[in-house]
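A short write-up of the structure that comes next.
The values are calculated or read from the model by the stated rules, or taken from the named source; none is laboratory data. Quantities reported herein were computed from a predicted structural model and do not represent experimental measurements. Cβ atoms come from the backbone with ideal geometry, glycine included; neighbour counts cover every protein chain shown. For accessibility, only protein heavy atoms count, side chains too; no ligands or nucleic acids. Shrake-Rupley method; radii C 1.70, N 1.55, O 1.52, S 1.80 Å.
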Amino acid sequence: MAERLNVAVIGCGYWGPNLARNFHQLKSARLSALCDADANRLQEVAALYPYAQPLTRFDEVLHDGVAAVAIATPARTHFALAKRALEHGKHVLVEKPLAMSACEVEELIALAAAQRVTLMVGHTFEYNPAVQKIKDLVGVGHIGQLYYIYSNRVNLGRVQSDVNALWSIAPHDISIVLYLLDTMPTEVSARGACYINQQIADIVFLTMTFPNNVLVHVQASWLDPSKTRRMTIVGSEKMIVYDDVDNEGKVKIYDKGVYRKGDPNFGEFQYRVHSGDIHIPRIDMSEPLANECAHFVECVLTGRTPRTDGANGLRTVRVLEAAQQSLEMDGATVRL
């Protein structure tokens, strides 16, 4: 029989049950334990997986029977839990963000290297076939020169009490953009406001400037009348709209652009607007989280470096850290 990886899921709240379901379905993994401090919530989830040991104390997870842990607890607990797991020689998958500061992430990366174990962050959208298709299109110059990107990730509800909308929602869009562009922004600015809780920003507008004057804008909020998960990528020749909640066509390519013609030596430039067809490419969709979990297990069993390794998580946290600094300075630009 092929080797199977014993995995424990830490946190049975909003996201943990999704991780449990996917590890349960993997032939290469065995869901060996579930852990949550809330005994009632733990029992609800554990009832679905009677062979997985229900545990209320994290220390109980660190026994020899568990080889890897998947952490889906509140963001501010990620660093401490991941550090303890790594110190005990466990392979670790951490939901976004990997930690709450670049220094914490760097410590986790160094510890994983010293222990020779896998450290991976759950940037789920990098395992989404639709996002991977967009990366291919942008990478081969299908849309011409990339001009700018803007994203709306808003909904009503799931208000957080430990982190603001920047750290709760924006990591998705930041990780997607870093994945698409394969480079870091040169500067970041962010503005936000606290309407529900005067201590926590529930609406954030984040702007990032990348090399070649590529501008990226992200709106993140849990105070909005509708659920929107949409990103628009504008190029000199074509434009792409990625709508994650559209079941019929998540990626649409618009054959639209503005062309400049004329000779500046003989008068002003003239501009022509081009508007062609809308193309919906066929994409063989699969559940991104299933792809992520399978990739984690494969990397642990083979020793491969994960696509979203510690360095990947560090890039996103560095942007978040700079954005938080800007947020606290009323939108002042922060250079990276």
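A few comments on the model shown:
- Filter result for the condition that a residue is outside any strand (DSSP E or B), modelled with pLDDT of 95 or more and surrounded by fewer than 16 Cβ atoms within 10 Å (Cβ to Cβ), over ASN212, ASN265: ASN212
- Pairs are defined by a Cβ separation below 9 Å, a sequence spacing of at least 6 or placement on different chains, a first member in segment 156-170 that is within 10 Å of GLN324 (Cβ to Cβ), and a second member that is of a type in the set (Asp, Glu) and not in a helix (DSSP H, G or I); the pairs so defined are ASN164/ASP202.
- Segment 239-254, subset open to solvent by 50 Å² or more (accessible area, probe 1.4 Å) and more than 21 Å from the chain's Cα centre (by Cα), residue modelled with the lowest pLDDT: GLU248
- Of everything in segment 131-178 that is small (Gly, Ala, Ser) and over 14 Å from the mean Cα position of the chain (by Cα), the residue that is most open to solvent (accessible area, probe 1.4 Å) is SER161.
- Against the test of being of a type in the set (Val, Ile, Thr), at pLDDT 95 or above and more than 21 Å from HIS123 (Cα to Cα), the options THR56, THR73 yield a single qualifying residue, THR56.
- Restricted to segment 186-202, and to residues there that are part of a strand (DSSP E or B) and touching a Leu at 6+ places or on another chain (Cβ under 8 Å), the residue that is most open to solvent (accessible area, probe 1.4 Å) is ARG191.
- Hey, TYR148 at pLDDT 95 or above and more than 18 Å from ARG315 (Cβ to Cβ) or not: yes
- When residues of segment 315-334 are limited to those that are among the β-branched types (Val, Ile, Thr) and crowded, with 21+ Cβ neighbours inside 10 Å, the one nearest to GLU107 (Cα to Cα): VAL317
- Among the criteria (1) part of a helix (DSSP H, G or I); (2) in contact with a Phe, Trp or Tyr (Cβ under 8 Å, 6 or more places away or on another chain); (3) open to solvent by 80 Å² or more (accessible area, probe 1.4 Å), the one ARG307 does not fulfil is (1).
- Residues (part of a strand (DSSP E or B) and farther than 24 Å from LYS256 by Cα) located in segment 220-243: ALA220, SER221, LEU223, ASP224, PRO225, SER226, LYS227
- Of all the numbered requirements in (1) surrounded by 19 or more Cβ atoms within 10 Å (Cβ to Cβ); (2) over 20 Å from the mean Cα position of the chain (by Cα), PRO225 misses one, and that requirement is (1).
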